[in-house]
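Values in this text are rule-based calculations from the coordinates and carry no lab data. Quantities reported herein were computed from a predicted structural model and do not represent experimental measurements. When we count neighbours, we look across all protein chains shown, and the Cβ atoms used for this are built from the backbone with ideal geometry, even at glycine.
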Amino acid sequence: MTDPMPPAAPTALAAEPVGPAASPPDRPSLPPGRWIRENLFPNARNSILTVFAILVALFTYRGLLNFMFSEERSWIAVRTNLRLMFTQAYPEHQYIRVWVTVGLVVVLAGLSAGIWARWGGVTLKRLMGWLMSGGGLVAVGVLIREPSVLTDAAGETVRDDVGELVRESFAAAMADRWVWWAAALVLFGLGLALWLRFDDLARRTSEIPVAWLVFGLPGLLVASTWVIRYGHYAFADGEFIAEPGQLVAMSTRVPWTVIWLLLVGCFGIGRVARSRAIASSQAVPDAADDDEGAEDEAAPELPRGALAKTRAIVNLAWVLSPFFLYWVVMRDPEIDYAHVFSTMLPMGLAFGVVGSAVLWWLTRSDAGEVGRLAAIGLLLLAAFHWVAAFFGWYSMLQVARIAFLLLAVAGLLAPNFAGVAAQRRRLVGAWLFVVLLVFYGATVINAPSTIETPTDMFIGGFSVTLLVSVLTIMLSFPIGVLLALARTSRQPIFRVLSTVYIEVIRGVPLITLLLFFSGVLPLFLPDGMEIAELAAAILGYTLFSAAYLAENVRGGLQSIRRGQYEAADAVGLTTTQRTGFIVLPQSLRVSIPPLVGQVIATFKETSLLAIIGLFDFLRMANSVVPNQSQFLGVRREGLLFISVVYWVVAFAMSKYSQRLEQRVGLGQR
Amino acid sequence: MSDPRAPDRDASLSTLGTRPPFYRDATVVRWIAQVGTLILVLAALWFLATEAGDSLRARGANIDFDFISDHIGIKVGWGIDTNPDSGGRALWVGMVNTIRMAAAGIALASVVGVLVGLARLSSNWPLRRLAGVYVEALRNIPLLVQILVYAAVLASLPNVSFDMGPIPGWVHLSNKGLSIPRVFVADGFYQWAVVMLIGGVIARVVFKRLAARREQTGMQTNAGAWATGIVAVFAIVGWWVHPIFGWLGGVFGGLSDAVGSIPQGVVQLVAALAAAGVAVWWIRRFLAQHRTPAGLVRLTDDDWFRMIFAVAGAAIVVLFVAVLWPGLSSWIVNSSSDGLGVLADKFGNGRTGAPIDAMRPDIVQPGNFPNYGPAGLNLPIGFAAVYFGVVFYTAAFIAEIVRGGILAVPKGQSEAAQAVGLRRSTALRRVILPQALRVILPPVGNQYLNLTKNTSLAIAVGYSDLVQIGQTVYNQTGKTLQVMAVWMLFYLACSLTISAAVNFFNIRLRIVER
């Protein structure tokens, strides 16, 4: 090697880390000519590889562009069916519910972003790079795309004698694409302008907040809807029309503008809440909260006091939102008020009052053995109600049986909260909240929906994909944690049961499990009991995903040092306290990256709903749209579109997980 | 959960030193909780089973495996037998298709994955970025969507044209799939294989001797070249002289008759005893491996489960042999004679032709539309879609694992290799990859497992794998539960096989380490 360049002579397929870790961020940039010589053509072998890689990239890019801009593509099929793909045939006059749902989610997202975000910045240099390479990419695309097919006056394509399509000349094609040239020039020009404006290194490496980009780009898009009529299209009387319908909810720009404003507004509110909370907690230093030390190298301020409270509230809102949004907003349940006032309300009140009294009594500092025995008696009583209902001796309302069981569990937990008045109040408060939730949930879930849809499926398309992924993750997480605890426990029966379950589920493909739950499950249910197809599918997904989650959590549990257990035992924590306050928080933190990976996997796996005959996002593109009489066989366009949507969501999540990984400081200790 | 070890905050001094009441005794409470859970689980299972039995009885369906040997008229799109005469045979065709797809997929996915993983670490900027785009693009799109995209693209290819007969080229691609020349085992293959076997044995002996001489004298003996040469000579000569082994047919025929004259019960008994014997032998060996001079090593759960699975596998074999023997041989070889009879036929005296032959693809018109004929090896678009789908998807994950594994090798290793003057490629092959392999292998084995399970998505594009055929079978016979049991056993067997193979290599690598 005679190359005198300071970096080691680069060779192809070298086994050296050349990731971002290898290049320090403030390395001075080389002049372009030298950069190309060093990185692309340092020697013959590398030059060949460079040419090969560039050719592959260009051909792929060209193929994609030719496909997208081909005259045979009917993208109008996708545009017309956008609403169908996302919400299926949700009735038009009720569409405002969809917007309310989106709006509420956006409010929560904005608040969380404001309260949590420690978003970094983007250096001006990177921004310039993005702009310029974006412009370059557009320009290259315009150059390499094949010239368009000529059409005659009637709009039909022209063919020559042999039957080949006649294409316009290269020069004419370039002239026709002046809009794209302009776009490329604008992008490149913006980058160049920034480059010239900020010419010294210090200013180029100064950062602008990511939030500006994250809110600015969608803002630009939303603003453009007021100028350009993207429309949403519909097929009426044999022709396509833009922006049909008179309802505001069925237009595009007003709702999206409102939603963008909500997003930005809530972000602002979140920021204000954050800074106020921090200010108040700094005014009253709270020395008790020192166990959050894990975050302090990265974070100058600790979440304590008011901030922690705000975060807890927003987290709770996130957890409750799917249940509320799906069952209340989207379904609009028809509640039977006579039943509510005659049964649910009195029963709920009774459980609330009596249960609180029982718990208050159980948490007395002198409850002792009697309290324990009372809790066990309560558990036996609750179990007896289930057995009695099963054998048909007498049957109590199911919701009451659930509440009884929960009360018994709370009673068993009571010794952990005994003594201090604040702790006792916390337990009673939690119990009241649970009672409210259970009775309210039972009322809402049992009420029939008033939304009338043309098909028997209530919602469909992307909303079903989202609903199934969210519910699956929320339901499978606690099961997965329990399974992981059981698998690592020292109790042989727990360990064997959980290991058998996990290994069997992980050994079979998801599709067989789904076919089982959608096809065979009704066989296993007692007479008169039915399970909706969607619920059966969610059950299958949950049981499947729980086994994988359990393995991820187990990895985290195994990383906890023995000393942690011993220390917890030494301070006299009970097993429950040790697990809940010492072991699980640490192990879950370690298993965050694989857990997010499992979330992504679940999101991708929801596409299997299409196989068992539910109308999810994939089925819309693969079966529903190609069967419409106007768009017979138009399948590839829809599939490409949904691939992009799936990709954007999954990629965003994986990037977030990488950031999270850095933030919790994994691999750096 | 009730907590047995809660410190008794109110304990008065008088209770100190006495045994706690039984309901606070940790051991007692733990066992009560465990047994209670076990009873709950069993009760739930029992409840579900009785309900299922009731509803099946109400429908007039019985839980039996008759469909395995009964004739059911189903057609399979692609496989070793397109007109299976029994349900068991149909499922077997599906299993073979799944195994084919998985094996071919694992082979290609490994190659693509390793190449992309290396490219991600290349110092060549465009190549590195290209590989990065590949990984990020493919692993964030659901596999099913990718499979359907491939199927849609392949389905939009032009139709098979109407010129019937052999295709002029070697490869033909259309919306019916891909047709390539069929290379097949012809007349004298089995006799030729015997010649090769003899050549192989001789080559091995020669190789060992030459290698030993090199060890002793340090002289270059070219052991590998000699061994290869001997096998090649045997292969070439055997191509023409293989009919000299025609007499083997008579031997197998005689054996077949001899076995046929033994009562079936005896054969079943011997087979069952053999299966049980293998299980016992395996467990003994397994325990012997875990024995140290200080006594038996504490077995982990996985060890216990391996032994349990060995016993369960033997039990299943015994069950199959005992209950389903008459059907067994007919599903797999599709002939009424047993394996020895088939071998007798394969070694027949009249087999004097070439051992291996090939045919060009052709086009025929059996019905209304022209299609590929039996002369070529036809891969329907369903096969291609699933194949490309699982290969490229899994390769993206394997690439990340390979990259991580290589990065996990300490930097000093590559520097040391450079210092002793190894070339980069040699260093990669001899120093880096062998060490990285230890990190790479377990997660890659997991990916192989995923790939095998993911082939079941073939149901969406109509490739006849086990799940697709199974669905057809239970739609016709109503034996849903039984078919699902077969699925489960098959996929569990696949998982165990793959994890056993990975473990085997892992152990070998670990020995190299010491």
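The distance linking the stretch A:168-195 with the stretch B:453-483 is 53 Å (Cα centroid to Cα centroid, whole angstrom).
Dividing the convex hull volume of the alpha carbon atoms of the stretch A:510-586 by its residue count gives 124 Å³ per residue. For the peptide B:146-157, the mean number of other protein chain Cβ atoms found within 10 angstrom of a residue's Cβ is 4. Counting Cβ atoms of other protein chains within 10 Å of each residue's Cβ and taking the mean over peptide B:423-431 gives 2.
Would you please give the FRET efficiency between A:His339 and A:Leu436, computed as 1/(1 + (r/R0)^6) with r the Cβ-Cβ distance and R0 = 22 Å, to the nearest 0.05? Efficiency at R0 = 22 Å is approximately 0.80.
Taking the square roots of five times each eigenvalue of the Cα gyration tensor of chain A, the equivalent ellipsoid has semi-axes of 51, 36, 26 Å, listed largest first. Please give the residues of the stretch B:186-209, grouped as numeric ranges, whose backbone N is less than 11 Å from a label point set 7 Å along the Cα-to-Cβ vector of B:Trp226. What the label zone holds, given the 11 Å backbone N cut-off, is B:203-209. Computed from label points 7 Å out along Cα-Cβ, the spacing between A:Asp161 and B:Leu422 is 6.6 nm. Counting only Cα atoms, the size of the protein assembly as shown along its three principal axes is 97, 86, 74 Å, in decreasing order. Residues whose amide H comes within less than 5 Å of that of A:Arg167, counting only those at least five positions distant or on another chain, are A:Leu150 (H built at 1.01 Å from N in the peptide plane). Potential lengthening of the chain between B:Leu255 and B:Ile283 amounts to 6.9 nm, from the contour at 0.36 nm per residue minus the alpha-carbon distance. Summary of packing: across the peptides B:105-112, B:238-245, A:639-646, B:360-367, the per-residue average of other C-beta atoms within 10 Å ranks them, highest first, as A:639-646, B:105-112, B:238-245, B:360-367.
Considering only alpha-carbon pairs that sit under 8 angstrom and 6 or more positions apart, the relative contact order computed for the stretch A:453-669 is 26 percent. Measuring r between the beta carbons of A:Tyr394 and A:Ala567 and using R0 = 60 Å, the FRET efficiency lands at 0.75.
Arranged from fewest to most other beta-carbon atoms within 10 Å of their beta carbon, A:Cys266, B:Cys494 become A:Cys266, B:Cys494.
In whole percent, what relative contact order does the stretch A:99-207 give with Cα contacts below 8 Å and a gap of six or more residues? For the stretch A:99-207, the relative contact order is 39 percent.
Counting Cβ atoms of other protein chains within 10 Å of each residue's Cβ and taking the mean over peptide A:497-509 gives 5. The listed peptides A:627-633, A:209-215, ordered by packing as a protection proxy, come out as A:209-215, A:627-633 (highest mean of other Cβ atoms within 10 Å first).
The C-alpha atoms of chain A define a longest principal axis, and helix A:592-605 lies at about 70 degrees to it.
Rounded to the nearest 20 debye, the dipole magnitude of the protein assembly as shown is 3780 debye, with +1 charges on Lys and Arg beta carbons, -1 on Asp and Glu beta carbons, and the Cα centre as origin. Measure off 7 Å from each Cα along the Cα-to-Cβ vector at A:Val319 and A:Leu143, then give the distance between these two points in nanometres to one decimal. Going by the 7 Å Cα→Cβ label model, 5.7 nm.
Highest-first packing order for the peptide set A:388-394, B:487-493, B:30-36 is B:487-493, B:30-36, A:388-394, based on the mean count of other beta carbon atoms within 10 Å. Rounded to the nearest 0.05, the FRET efficiency derived from the C-beta distance between B:Phe320 and B:Val41 at R0 = 22 Å is 0.20. Counted over chain B, the DSSP beta bridges are approximately 100% antiparallel. Site pair B:Asp81 and A:Glu452 shows an inter-label distance of 5.5 nm when each label is modelled 7 Å from Cα along Cα→Cβ. Fewest-first ordering of B:Glu400, A:Glu92, A:Glu566 by other beta carbons within 10 Å of each residue's beta carbon gives A:Glu566, A:Glu92, B:Glu400. When all alpha carbon pairs of the stretch A:423-582 are counted in 5 Å bins from zero, the resulting P(r) reads 1, 7, 10, 14, 16, 15, 14, 10, 7, 3, 1, 0, 0 %.
Projecting the Cα positions of A:Leu543, A:Ala621, A:Leu557 onto the charge dipole of the stretch A:453-669 (unit charges on Cβ atoms of Lys, Arg, Asp and Glu, taken about the Cα centre) puts A:Leu557 furthest along the positive direction.
Over chain B, Cα pairs under 8 Å with separation of 6+ residues give a relative contact order of 25 percent. Between A:Ala306, A:Asn66, A:Leu150, the Cα set farthest toward the positive side of the dipole of the protein assembly as shown (charges on each charged residue's Cβ, about the Cα centre) is that of A:Ala306. For the stretch B:134-213, the gyration tensor built on C-alpha atoms gives an oblate shape. Its axis ratio a/c (a ≥ b ≥ c) is at least 1.5, and a/b is not larger than b/c. Only helical runs count toward this figure. For the protein assembly as shown, summing -39,500 (n - 2.57) over DSSP H runs of n ≥ 4 and dividing by all residues gives -21000 deg cm²/dmol at 222 nm.
Multiplying the residue separation of B:Val297 and B:Ile236 by 0.36 nm and subtracting their alpha-carbon distance yields 16.7 nm. Per-residue Cβ neighbour counts within 10 Å put A:Glu530, A:Glu637 in the sequence A:Glu530, A:Glu637, beginning with the fewest. Given in Å, the Rg to one decimal and the Dmax to the nearest whole number for the Cα atoms of the stretch A:336-447 are 14.8, 45.
With a ≥ b ≥ c the root eigenvalues of the C-alpha gyration tensor of chain B, is it rounded (a/c under 1.5), prolate (a/b larger than b/c) or oblate? Note, shape of chain B comes out rounded.
Considering only A:Leu436, A:Ala400, A:Met344, and ranking their Cα positions along the charge dipole of the stretch A:336-447 that arises from unit charges at the beta-carbon of Lys, Arg, Asp and Glu, the one farthest toward the positive end is A:Leu436. Taken along its principal axes, the alpha carbon cloud of the stretch B:377-514 reaches lengths of 69, 32, 25 Å, longest axis first. The lysines within cross-link reach of B:Lys75, meaning a Cα-to-Cα straight distance under 20 Å and a gap of 8 or more places when in the same chain, are B:Lys176, B:Lys479.
Here the protein assembly as shown carries DSSP beta bridges of which approximately 95% are antiparallel, counting only pairs with both residues inside. Per-residue 3J(HN,Hα) values for the stretch A:460-470, derived from phi via the Karplus relation 6.51 cos²θ - 1.76 cosθ + 1.60 with θ = phi - 60°, read x, x, 4, 5, 5, 4, 5, 4, 5, 5, 5 Hz in sequence order (x marks Gly and Pro).
Considering the stretch A:453-669, its Cα convex hull presents a mean projected area of 15.7 nm². Shape class of the stretch A:312-351 from the alpha-carbon gyration tensor: oblate, with a/c at 1.5 or above and b/c at least as large as a/b. With 0.36 nm allotted per residue and the present C-alpha distance subtracted, the A:Met68-A:Ala109 stretch has 11.4 nm of extension available.
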